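Written below as structure tokens is the structure these notes are about.
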Amino acid sequence: MATLKNFRADGIKAYQLYFLIQFFTTTAVYIIMEYVFFRDYFYYPDLTVTNQLSGYFACNAETPNFAYTLGVCALGITDLSNWQAVILAFFLNTARDLIIINIALDSLKTEHKIRMVYFVVTLIALNPYLSYNYLRLTTDTFGCLGILHIFVAAYYREPLTLKFLLIACLLVSIRNPLAQAYLAYIFLSAYIHFNKSSLLRILFFSMCIIGLIFSFGGIEYFSLLGLGFKYGPYSLFEIILWFEHLPKYFAIILSIIILVPIHLFLLLGARELITGYGFITMFEGGVLSSFFSLSFLAIMLFINSFSFYGTIKYFFRKNWLVLSVFAYVIPSFLIVAHLRYLYPLMPILSLGLVLWANENEKIGRVLNNYFARKSPS
């Protein structure tokens with residue numbers, strides 16, 4: 001009973017810290033967006049564009065994310081600043097983060113457990129990109145829930161069930177790129193738990209998810225992926241132009257090799273504007289906005305690089321089935337890379353970083369010495 005009591009008390013303290021930091025971070029991001037960059041915090045062009053591919057407000061179900069379209073239309077949402085959208089985004093994103101915090105409370109088994117949990121809370125609540133999306137009900141909100149759904153199933157090694165499939169199909173119909181992450185998880189699960197009955201279940205699940213990809217606006221979605229190879233100064237076709245004086249096939253191979261580090265850099269730290277129009281966009285709004293742009297890039301690159309590395313390192317050794325969530329970023333990484341595609345993984349990366357640091361001997365010694373000095377004698 002004492003352990004349960006301490007666990008609950010630790011959880012309450014972690015939740016309190018989360019809400020306190022999240023309030024100040026989201027407020028700060030809102031103020032910076034509105035009064036430094038002079039951009040509406042709730043600006044979301046995909047909601048109001050009236051073409052059939054991304055015009056969610058047009059209530060046209062023939063979009064890749066057709067369930068999102070039907071949902072916002074049913075709720076009467078015409079702008080992300082509508083109270084329905086803000087409240088729903090708040091509850092969904094808060095639930096996502098609290099689930100991650102609960103997993104941290106359940107997973108960290110050290111003498112300084114609660115302080116390590118505070119690191120998870122701080123990484124999530126202080127993350128400016130998470131705070132930027134905290135009150136915004138975009139399709140990426142549901143992308144986060146889909147990645148969390150896969151992560152929880154993989155982390156606790158839950159069997160594939162019809163309930164899992166139904167949730168997967170719903171979330172894929174809201175955020176189409178989730179399909180590759182779900183398929184990766186399903187096939188990896190089949191590899192681990194292979195038998196005749198599970199094989200039939202796996203094939204059925206896969207057909208359902210693949211069917212969703214090609215339904216409604218799926219074909220148009222694939223045409224957009226093709227256009228992505230030419231989008232922005234760091235796309236594959238633009239990089240090939242750097243080597244236009246070299247033999248064609250050598251230029252293509254060299255471009256693909258160079259594309260990997262460039263797109264990894266963009267995925268870990270760059271806003272969509274940079275990917276589309278180049279790094280020059282960071283210096284177009286005056287000294288203050290340039291300072292915040294550079295700071296944001298440096299912070300995101302630093303945090304995400306360590307989190308990316310730590311998460312892969314930890315789960316590759318502990319439970320490599322979890323790594324199926326990284327399938328979410330593979331197509332975007334090869335085509336168009338920026339922070340928006342990494343966003344659904346960020347809460348999990350925060351947890352993965354702390355779990356890895358907690359088991360790393362060198363980091364563990366540093367943390368233990370630090371905590372020992374801070375503890376009352």
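FYI, it's all coordinate maths here, none of it is from the lab. Here the structure is a predicted model, which is why all the values come from computation and not from measurement. Please note: Cβ atoms are built from the backbone with ideal geometry, for glycine as well, and neighbour counts cover all protein chains shown.
Things worth noting here:
- Packing-based exposure ordering (other Cβ within 10 Å, fewest first) of Cys144, Cys59, Cys73: Cys59, Cys73, Cys144
- Amide hydrogen proximity for Asn133: with H placed 1.01 Å from N in the peptide plane, no residue at 5 or more positions away or on another chain lies under 5 Å.
- If only the Cβ of Lys and Arg carry +1 and only the Cβ of Asp and Glu carry -1, the dipole of segment 60-113 around its Cα centre is close to 160 debye.
- Extreme residue, positive dipole direction of segment 233-377, given options Ile252, Tyr309, Ser235 (C-beta unit charges): Tyr309
- For the peptides 349-359, 309-319, the ranking by packing is 349-359, 309-319, with the highest mean count of neighbouring Cβ atoms within 10 Å listed first.
- Each Lys or Arg adds one and each Asp or Glu subtracts one; over the other residues with Cβ under 15 Å from the Cβ of Met33, this totals 0.
- Rounded to the nearest 20 debye, dipole of segment 233-377 from Cβ charges on Lys, Arg, Asp, Glu: 660 debye
- ³J(HN,Hα) computed for each position of segment 273-283 - Karplus, 6.51 cos²θ - 1.76 cosθ + 1.60, integer Hz, glycine/proline x: 4, 5, 4, x, 10, x, 6, 4, 5, 6, 10
- Solvent-free Debye scattering, log10 I(q)/I(0), computed from the Cα coordinates of segment 233-377 at q = 0.10, 0.12, 0.15, 0.21 Å⁻¹: -0.48, -0.65, -0.89, -1.21
- Applying 1/(1 + (r/R0)^6) with R0 = 45 Å to the Cβ-Cβ distance of Ala74 and Asn102 gives a FRET efficiency near 0.90.
- Distance violations [Cα-Cα > 26 Å] among Lys113/Lys318; Lys113/Lys313; Lys109/Lys163: Lys109/Lys163
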